[in-house]
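Reviewing the structure listed below.
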Amino acid sequence: MNGGSLGGKQSPRVREIRQTEDRFLSSDIFEQSSHEFPPRNGHGTLREPARDVPIYHNCDVLVVGGGPAGTAAALAAARTGADVVLLERYNHLGGLSTGGVVIWIDRMTDWEGNQVIRGFAEEVFDRLPADAVAGPDRSLWGVRDEALAKYWRLRTSAFHGIVTWAPTIDPERMKLLSQQILIEASVRLVFHSWMAVPVVEEGTVRGVVFESKEGRQALMARVVVDCTGDGDVFARAGAGFENDIEEGDVHHSMNTGFMLGGVDMETWLAFRGGEPDAFSDFMKLGREALGFFQPPYVSWRNDIALFLGPRQSGLSALNVDDMTEVEIRSHRFMEAHCAFFRKHAPGFQNAYMLLSGPQLGVRHTRRLAGLGRIERGQWDLGEVRPDEVGVSPSVSPKFPVISVPYGALVPIKLDGLLAAGRHISCDANSHGFMREIPQCWLTGQAAGAAAGIAANHGVQPRKVDVGELQSVLRRQGAFIRSGNDAPNATADEAAGSSD
């Protein structure tokens, strides 16, 4: 099968993303604007009649979206004593870390080996069974040994010659654990339900209207946390946002991840790491045969290989036709890669198509315009923001860790809502790491705790006392440093102090 032809159409323009020390998840990015189907012929509008919508439930905190951020947010809010509902369109929790088969969890340690993304992230790995996780032992985190770094780099856990905590996980065990944690905390889970429109009154979000097999219903809440990943709630509620997608950026592309079974990854890794010339020839042959290409990555098992590409640009995850096109192409890629690897790749002679992710791999759509913001110019400073709610690892050892401010979760004007996950307030450069799964756990836990506090005190999220929020997060295990935060500061005041 010539996957590069995409069904006989004009071949796409391919950009090769080479593996380097700061970008080892190498993959081709290709761009093609044509679609499998002819253009839509719809025009005009249809007026819906007014109707009464039954209220499904009233709660303190409603979390929309059960991905990494939403799961962490729901748990953090429930642990403040709030009545919490989590609304999720799929049949599971975990988002891209489970349904998107992005089972490689990015770095949670700084360059000295200290775990800085903690709280929910630590609890998850403390509770996952040992056979559901693959990664370096804690004693190796931060080690700068050439041989160890080479070994773990091939296993997605070493960068810049430094071993880090960046494990791979069993997605089914993560689904099970995520729902168990929330059930234990008395969170009401609502699966197979899709938010349609937010309920907004006088600039304040009061809940959402959602669709399910029961029809159209409403969920009302004191505070809503948007964890959709795409900012669906805050965008439709009128909050400001950015969507400056760069087509040539690997962080702004899409694909459906997939896994192949029946492989021997140790044999593959010995080939990839030990025979560089042969591996280079293999990659060249793959591109010649398929027109685009991506090598596999490790999973939590030796007999399963993970593929997170090829990545597709020039299409939008906010356009249903574009999303459909990505899915059609990605399933073809899976078949083409499986056939090619069976024929040519050491360790893949018995490979078979195991699973394609039921969730589309989206990296970027919208980013909130928030009271605070994470920006490239702050990377060098190493400052502790006055409203710090977490700490992210930096992109390389030349930068200190990054302070994540509460203001990045709070809309500039819209009340009754917080945002967490890949759509928080940051610039395009910072989004490259703030969209990763551990960072989504971090911002989700912060937003959930803040939402619980706001609901319990009857105040707007922007009026939550930052000192109280930091204390709650520390009690929940999050890593938050002591900075220049003043007692009784709110998000509005902290944002003003950082201008």
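The values are calculated or read from the model by the stated rules, or taken from the named source; none is laboratory data. Source: prediction; values computed, not measured. Virtual Cβ from ideal backbone geometry, glycine too; neighbours counted across all protein chains shown. Accessible surface is based on the protein model in full, side chains and every heavy atom, while ligands, DNA and RNA are left aside. Shrake-Rupley method; radii C 1.70, N 1.55, O 1.52, S 1.80 Å.
At a glance:
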item	result
Protein accessible area in the stretch 235-314, 1.4 Å probe - carbon and sulfur %	47
Cβ-defined net charge surrounding Leu417, 12 Å radius [Lys, Arg +1; Asp, Glu -1]	+2
Relative contact order for the chain, counting Cα pairs under 8 Å that sit 6 or more residues apart, in percent	22
The stretch 344-442, relative contact order [Cα under 8 Å, separation at least 6], %	30
Heavy-atom accessible area per residue - the stretch 348-498, 1.4 Å, Å²	33
Straight-distance crosslink candidates among aspartates and glutamates, where the alpha carbon sits under 14 Å from Lys213 and sequence neighbours closer than 8 are dropped	Glu88
FRET efficiency, 1/(1 + (r/R0)^6) with R0 45 Å, evaluated for Leu355 and Glu146 via beta carbons	0.80
Distance between the stretch 192-226 and the stretch 366-397 - C-alpha centres, whole angstrom	30
Intensity falloff of the stretch 379-459 expressed as log10 I(q)/I(0), Debye formula with alpha-carbon point scatterers, at q = 0.18, 0.22, 0.25 Å⁻¹	-0.74, -1.04, -1.28
Residues listed by number, the stretch 91-122, amide nitrogen under 15 Å from Ser212 label point at 7 Å toward C-beta	91-93
Contour minus Cα-Cα distance for Phe399 and His160 (0.36 nm per residue)	84.8 nm
Over the chain: helical MRE at 222 nm, DSSP H runs n ≥ 4 each giving -39500 (n - 2.57), nearest 500	-9000 deg cm²/dmol
Per-pair calculated FRET efficiency, R0 = 45 Å: Ala278 and Ile55 via Cβ, rounded to 0.05	0.10
Pairwise label distance in nanometres, Ala185 with Thr204, each label 7 Å out on the Cα-Cβ vector	2.5
Dipole of the chain, positive direction: furthest Cα of Leu75, Phe282, Val200, with charges on the beta-carbon	Phe282
Contour excess over end-to-end distance, with Cα ends at Ser139 and Thr45 and 0.36 nm allotted per residue	27.6 nm
Degrees separating the helix 171-184 axis from the principal Cα axis of the chain, which is the longest one	10
Per residue value of the accessible surface for the stretch 173-262 (all protein chains in place, 1.4 Å probe), Å²	41
Rounded percent of accessible protein surface that carbon and sulfur make up, the stretch 362-499, 1.4 Å probe	48
log₁₀ of I(q)/I(0) at q = 0.07, 0.10, 0.11 Å⁻¹ - the chain, Debye sum with one point per alpha carbon	-0.36, -0.75, -0.91
Positive-pole candidate from Trp104, Phe191, Gln476, dipole of the chain, charges at beta carbon	Phe191
Neighbourhood net charge (15 Å Cβ-Cβ; Lys/Arg +1, Asp/Glu -1) for Glu201	+2
Against the rule of thumb 2.2 N^0.38 Å, how large the Cα Rg of the stretch 115-223 comes out	1.58
Alpha carbon centroid spacing (whole Å) that separates the stretch 304-355 from the stretch 447-461	42
Residue among Pro54, Ser253, Thr168 farthest towards the positive dipole end of the chain, charges placed on Cβ	Pro54
Descending semi-axes in Å of the stretch 254-310, equivalent ellipsoid built from Cα gyration tensor	18, 17, 8
